[in-house]
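Note sheet for the following structure.
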Amino acid sequence: MAEETLPGTTADDGPDSIVLHVDMDCFYAACERLREPELEGEPVVVGMGYEPGEGHGAVATASYEAREFGVESAQPISTALERLPRIEGLGPDGDPAAAGHYRTVDLEFYKEVAADVKAILHDCADVVREVSIDEAYLDVTDRTAWDLAASGDRTLAEGFARYVKQRIAREVGVAASIGVAPNMSTAKIASDFDKPDGLVVVRPGEVRSFLAPIPVEEVHGVGPVTARKLGSLGIETAGDLAEADASVLEAEFGSRGRELHERARGYDDRTVTPTGRPKSLSRESAFTEPTDDIGDKREVVRALAADVADRANSRGAMYRTIGIKVVVPPFDINTRATSLSGPVDDPELVESVALDLLDAEFEETTVRKLGVRVSKLSFADADQSSLDGWESAGAGGDDISDDRVGDGASDDTSDDAGDGEPPNAGGGTRSHEGQSSLVEFD
Ligand code: TTP
Ligand code: MG
């Protein structure tokens, strides 16, 4: 079949989709480098159980420098320590150039960084599917095009992806690899193709030739067992798979065989669907320079409250908890929330509660970032279709003020259990509570 006739994602005659797959590079290690910049360029291992006497545990991730020593995710920590000793424990004969920095997993902090990244992603795309803490698909078909940019042979889509990447690097300080392709499975392979700090663009007409040399293990849906079976049929690459006889594949793997064949040929008609119904709606804003000016802080909280209340209203969401987040430099996260006796849709209340929470404890505090959140959501319309056309989380967000960067908003779709609201807060009263968890501010 001629390459050009291969569609991107759509079975109809619509334009080829533009899907971005964003995956952060050595994410936990990158987060550790945010608070310890001296770890930049050093081998860093994030995991559990490396302290003397602890004995077991696993590697969560390793920086690319540590990977050179054979350290990798999910490895027993003892193996990692054999391959890359801890720099702190080096004896007089130890070689510091062959030793690494070990850090303990701090998920709360990584979620905070991930929330900053995801706020940018929501700002850049109307449709975002969050897959894990450090990974998401964006459908940006409506935001850019496969056309070539005026200046040369690059596509507009490539420029758009570069913009997303640069925003993450500039505003959050961590590196992402991005794959751009007309469908999800190709975008995912593309994001992994040139890690770290990769940007790989596969245009609609290039999907099949891009996939051809890729090992079958990397085709979406092929696990180790399937890969072994394919290997015994002489099928090692996606190109081999694309050229294989579909009926042979179907005989061996059933309907999945046909699907894998399609994927290898560049077909994947899945659309990027946003993840779940939000558990909370939040918006946060970082100051360019930390400030203790109560006037500035109140102005930001007022704007954030209005935005969050407006988004809740436009989605038909009522809320029972109103909260703020106050980030004190460098990364000390404080959340406070007030529970109401019943669900409301009341923008003025969001503002007054958020300001009360700010004034009560943070009037003089120097802050780096502020956030407002409503949670314990209930939806008048239980129909999932009301979630269609989620607005861009960042829509209208840049008009609050121009003296800060990193505005972002997010819909928390995680399955956290809520914020511990007392079962009965009393008619019309509010109960204040501190929160140590920031999950809800995700
Ligand atoms: P990944 O995206 O798989 O890995 P990564 O971001 O560390 O590295 P890469 O540059 O290859 O993308 O996973 C994201 C985070 O999830 C990772 O930083 C740590 C965590 N994780 C674990 O805790 N255990 C694991 O086995 C894996 C694979 C990841
Ligand atoms: Mg990653």
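The values are calculated or read from the model by the stated rules, or taken from the named source; none is laboratory data. Bear in mind that the values here come from a model prediction, so they are computed numbers and not experimental data. Quick reminder, even Gly has a Cβ in these numbers, built from the backbone with ideal geometry, and neighbours come from all protein chains shown. In case anyone asks, the SASA skips ligands and DNA or RNA and just uses the protein heavy atoms, side chains included. Shrake-Rupley method; radii C 1.70, N 1.55, O 1.52, S 1.80 Å.
Please determine whether any residue of the range 283-298 is more than 30 Å from Ser185 (Cβ to Cβ) and touching a Gly at 6+ places or on another chain (Cβ under 6 Å). Yes, the conditions are met somewhere in the range 283-298.
Listed here are the residues, each with its yes/no results for (1) modelled with pLDDT under 90; (2) open to solvent by less than 30 Å² (accessible area, probe 1.4 Å); (3) within 29 Å of Ser285 (Cβ to Cβ); (4) in a helix (DSSP H, G or I).
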position: Tyr110; (1), (2), (3), (4): no, yes, yes, yes
position: Leu138; (1), (2), (3), (4): no, yes, yes, no
position: Ala145; (1), (2), (3), (4): no, yes, no, no
position: Ser151; (1), (2), (3), (4): yes, no, no, no
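If only residues of the range 28-69 that are within 16 Å of ligand 2 (Cβ to nearest atom) and in a strand (DSSP E or B) are counted, the one that is surrounded by the most Cβ atoms within 10 Å (Cβ to Cβ) is Val45. Does Asp16 count as within 26 Å of Val201 (Cα to Cα), surrounded by fewer than 22 Cβ atoms within 10 Å (Cβ to Cβ) and either of a type in the set (A, V, I, L, M, F, W, C) or within 12 Å of ligand 1 (Cβ to nearest atom) (or both)? So Asp16 does not fit the description; no. Across the range 7-26, the qualifying residues are those that are of a type in the set (Asp, Glu) and modelled with pLDDT of 95 or more, and the one among them that is nearest to ligand 2 (Cβ to nearest atom) is Asp23. Can you pull out the residues in the range 177-214 that are part of a strand (DSSP E or B), within 16 Å of ligand 1 (Cβ to nearest atom) and open to solvent by 10 Å² or more (accessible area, probe 1.4 Å)? The answer is Leu199, Val200. Could you tell me which residue of the range 166-176 is nearest to Leu39 (Cα to Cα), considering only residues that are within 16 Å of ligand 1 (Cβ to nearest atom) and open to solvent by less than 30 Å² (accessible area, probe 1.4 Å)? Here the answer is Val174. The C-beta contact set for the range 248-274 (first residue open to solvent by 90 Å² or more (accessible area, probe 1.4 Å), second residue in a loop (DSSP other than H, G, I, E, B) and among the β-branched types (Val, Ile, Thr), distance under 6 angstrom, 6+ apart or interchain) comprises Asp269/Thr9.
Residue check: Glu72 meets all listed conditions (1) within 16 Å of ligand 2 (Cβ to nearest atom); (2) open to solvent by less than 60 Å² (accessible area, probe 1.4 Å); (3) free of Cβ contacts under 8 Å to residues at least 24 places away in the same chain but one, namely (2). Out of curiosity, is Tyr137 hydroxyl-bearing (Ser, Thr, Tyr) and touching a Cys at 6+ places or on another chain (Cβ under 7 Å)? Against the criterion (hydroxyl-bearing (Ser, Thr, Tyr) and touching a Cys at 6+ places or on another chain (Cβ under 7 Å)), Tyr137 does not qualify. Go through the range 92-108 residue by residue and tally those that are open to solvent by 40 Å² or more (accessible area, probe 1.4 Å) and either part of a helix (DSSP H, G or I) or among the charged types (D, E, K, R) (or both). So the count comes out to 8. For the range 112-131, the tally of residues that are surrounded by 17 or more Cβ atoms within 10 Å (Cβ to Cβ) and not in a helix (DSSP H, G or I) stands at 6.
Any idea which residue in the range 153-165 is farthest from ligand 1 (Cβ to nearest atom), counting only those that are outside any helix (DSSP H, G or I) and open to solvent by 40 Å² or more (accessible area, probe 1.4 Å)? Ranking the candidates gives Asp153 first.
For the range 134-159: of the residues being over 19 Å from Arg270 (Cβ atoms) and out of contact with any Leu (no Cβ under 8 Å at 6 or more places or on another chain), which is farthest from ligand 2 (Cβ to nearest atom)? Residue satisfying both the conditions and the ranking: Ala150. Within the set Asp116, Asp123, the sole residue that is within 19 Å of Pro37 (Cα to Cα), of a type outside the set (S, T, N, Q), touching a Gly at 6+ places or on another chain (Cβ under 9 Å) and assigned by the TED database to the domain that holds Gln166 turns out to be Asp116.
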